[in-house]
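This report concerns only the one structure given below.
The values are calculated or read from the model by the stated rules, or taken from the named source; none is laboratory data. Model, not experiment: these values are computed from the prediction. For neighbour counting, all protein chains shown are included, and Cβ atoms are generated from backbone atoms with ideal geometry for every residue, glycine included.
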Amino acid sequence: MRQFFSTILIGITLGSIYSLMALALVLVWRSTRVVNFAQAGQAIFSTYIGYEMMVRTGNFWFSLLIAIIIGSLLGAGVEYFFMRTLFKHADDGPVAALAPVIATLGLLGVIRSVVGMIWGNEYRSFASPVSTDNFVVAGATIPFSRLNVLVIVGAALVMIAFSIIFQRTNLGLALRASAFQPEIARLAGIRVGPIRTIGWTFAGGAGAVAGVLVTPNDILSPNSLDTLLVFGFVAAVIGGLESLPGAVVGGMVLGIGIAFILNYVSTTLIFPAVFVVLLLSLVIKPNGIFGSKKVRNA
Amino acid sequence: MHNLSTKKVFALFVIFGWILLIVADRVDELRVYQGATIAITTLAIASIIILTGYSGQVSLGHGAFLAIGAYAAALSQTYWQSPFWFTLLMSVIVTSLIGFILGFAAGRLSGPYLAGTTLALAVGLPTLANQFTFLGGETGLVYDAGNPPARFGEDFTLYKWFFWISAFVVLIAMFLIRNLLHSRYGRTWKALRANPTAAQLCGINVAQSKILAFTISAGAAGLSGALLGMISIVAPSAFPLSLSFTLITGAVLAGVTSLAGSMLGAVILVVIPEIAEVISTSLGESEKVISNLPGFIVSVLLILTVLFSPNGPAESIRKRREHHQKAKH
């Protein structure tokens, strides 16, 4: 029974991180109909910035703040300078539909090699701001530390902030309107272009938080967030790729599922299991548990 | 090569193979090895061209098919002691079967969903090697083509033997693929890519053709994977995620709709690290820059291609030529 509960706790920790990455992917998908594979690159760049700040100042919160700012700016920059140019140029021919996928892949390569050029390819460790010692409850250690609490609280704060922005503010209304029907949103006086950039900005920030929170538990290298990208994508697909609550639920489902496989089956079967989950959710419920009925061809 | 008959194309392939043999005799070991790499990469890129360029499905995980092919070949050699040609056949059969099964799922997915799914496959599949002991874990399996026959003489090196095998197999495979793309199936795929609705109205079975494209593409990728395993190793580390990305880069650089471009793409991929090395040594850059420069150049090229010549340079040149010809008339 104790193992069961500790598995759930680990699952929620993992799930928080996956949810953040899924949120980032969903925000971009809603605003531009692009699955942003460069998200892993943007997140790793922001994480390295956070790492650099951490080394220089030793203040975790300051580093996290700088990482979020840099991540958001990078997201905005990618949309403004890169995606807009892309949509202007690649609009016909057989590759037009695939151009965004390939372009974001190229961007991932560029960011990753730039990170490698600046910081090198070697593994680094990101010092944890809080204790990583496991809690002792009633004489028994459970695999849950202050760091895990920090991860869960941090992710929850981001999600609460997003839900307030999306449900309670005019900006959120504009974001939802231009995701739902860009044409009609434009007729209603919303400037869809800048709203898109804001969607990418939020996504960049969420990715940065995911990167900085996951790294103290893990190692830091130019491609250490690739698996996070895959898990985030799977979580987003489970949730329907359209819906923000879906991304969170998808992330939690995936995180808890992975924790159970880790603890009860095998550590090496995670990726194949995730792949099977992805295939099943795509074949059985292609619109996701929170997806709209209307299928949109991208 | 559009208006040539199959016989003439066959003759061209034979002549090209002959030239390759003569050239391979005149250059040093490293060049021969690079030649084998180019041949293998050509076939791998061609497999992406069948899938992406012709049937319009995008795969970010073709490295997984290369891995399956390599493991199928190595397993049949290790456990059945099969002759070499049979191991290659096995790699094609097994990957085609798996491609066929995945094709069913793929046919239901549109662009980004399929891209993400294949990405998950490429990340997940190599880890299976650590789960099952018969797959050999991190160290992988032994797979080789045997020593070159004694009648080629003493100074016939192993690398030259690798090159001969790769070039021979790839030339045959490319000839078959070329014919396939010029057949009814190739035209079906083109129609499908240009306008799925119109193709359906013409009586084309969309799902079936997409699955067929996936099957054949996987088979070709598997064969190239077996050859790659022959010249390097059959282990998870030989098939990283970056391999899949590199292949799609090669396909896009050379024009994702032109089969002839696949060789150009392969040459570019092999030459870029050399160029990067020359640049960085002449600049006297640090280790960090040197090891990341090839990836940087490849990615920048990929982005520039997608931005300014999304259908590849070959297509752009052809378009321009057609434009000129129209202007003349």
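Report, by residue number, each residue of region A:246-288 that is of a type outside the set (A, V, I, L, M), closer than 22 Å to A:L27 by Cβ and touching a residue at least 60 places away in the same chain (Cβ under 8 Å). Within region A:246-288, A:G246, A:G250, A:G251, A:G255 meet the criteria. Would you check if B:V289 is within 12 Å of chain A (Cβ to nearest Cβ) and either farther than 30 Å from B:L180 by Cβ or among the aliphatic types (A, V, I, L, M) (or both)? So B:V289 fits the description; yes.
Determine, yes or no, whether B:A220 is at pLDDT 85 or above and over 28 Å from A:V110 (Cα atoms). Considered against the rule, which asks whether it is at pLDDT 85 or above and over 28 Å from A:V110 (Cα atoms), B:A220 comes out as yes.
In region A:30-57, of all residues being in a helix (DSSP H, G or I) and small (G, A, S), the one that is surrounded by the most Cβ atoms within 10 Å (Cβ to Cβ) corresponds to A:A43.
Do we have B:A266 as away from chain A (no Cβ under 13 Å), surrounded by 16 or more Cβ atoms within 10 Å (Cβ to Cβ), touching a residue at least 60 places away in the same chain (Cβ under 8 Å) and more than 30 Å from B:F134 (Cα to Cα) here? Yes; evaluated as a whole, the condition is true for this residue.
Being surrounded by fewer than 16 Cβ atoms within 10 Å (Cβ to Cβ), closer than 23 Å to B:A221 by Cα and either within 9 Å of another protein chain (Cβ to nearest Cβ) or at pLDDT below 80 (or both) is the requirement here; does B:A327 meet it? Let's see the steps before the verdict.
Values: surrounded by fewer than 16 Cβ atoms within 10 Å (Cβ to Cβ): yes; closer than 23 Å to B:A221 by Cα: no; either within 9 Å of another protein chain (Cβ to nearest Cβ) or at pLDDT below 80 (or both): yes.
Taking the combined requirement at face value, the residue does not satisfy it.
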